[in-house]
1. For an R0 of 35 angstrom, estimate the FRET efficiency from the Cβ-Cβ distance between residue 34 and residue 91 and round to the nearest 0.05.
2. At each listed q (0.13, 0.21 Å⁻¹), what is the log10 of I(q)/I(0) that the Debye formula gives for the stretch 17-131 modelled as equal alpha-carbon point scatterers?
3. Round to the nearest 0.05 the FRET efficiency obtained for residue 75 and residue 21 when R0 = 25 Å and r is the Cβ-Cβ distance.
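The numbers here are math on the coordinates, done by the rules we state, and not lab data. Owing to the predicted nature of the structure, the values given are computational and were not obtained by experimental measurement. A quick note on method: Cβ atoms are made from the backbone with ideal geometry, for glycine too, and the neighbour counts reach across all protein chains shown.
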Amino acid sequence: MKVLAASFLALLLPSVAGAALEVKLSVSPKPVRKGAPTVVELRPYWAYKRSDGSCCLLRKADVNYPFKVEAVSPSGRVFRVRIHKTPSRYVWSGVFTFGASAGRWIVRAPQWSPRYSRKFGARPRIVVDVRR
């Protein structure tokens, strides 16, 4: 009886192994100014396929994962953004100062798949316009 109940429960609950870990990146305040400290946030989510097979249902993820975040300057130089888990267990955060170069920077989480794309399962990145 216990085995049957456990099997039934396993069918009802989505498994973490069946879900993909996704992250969303953001920066604040906006607009981002050259030389001003900027907060970079990473929010992890479990992504599940919907029951109809379409993509995707997101649920906040409380994970301890060695996230890596980088800022790429307009000239292509890569800087590490140090982030840490905040008291809100679903948010990782760090402060980064966009240095000498104004222009289009890219903030990215480089440990995802081999190419950048906005599609599900892609390597997350955001474009940040840094003003003088």
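1. 0.85
2. Taken in order of the listed q values, log10 I(q)/I(0) reads -0.52, -1.16.
3. 0.20
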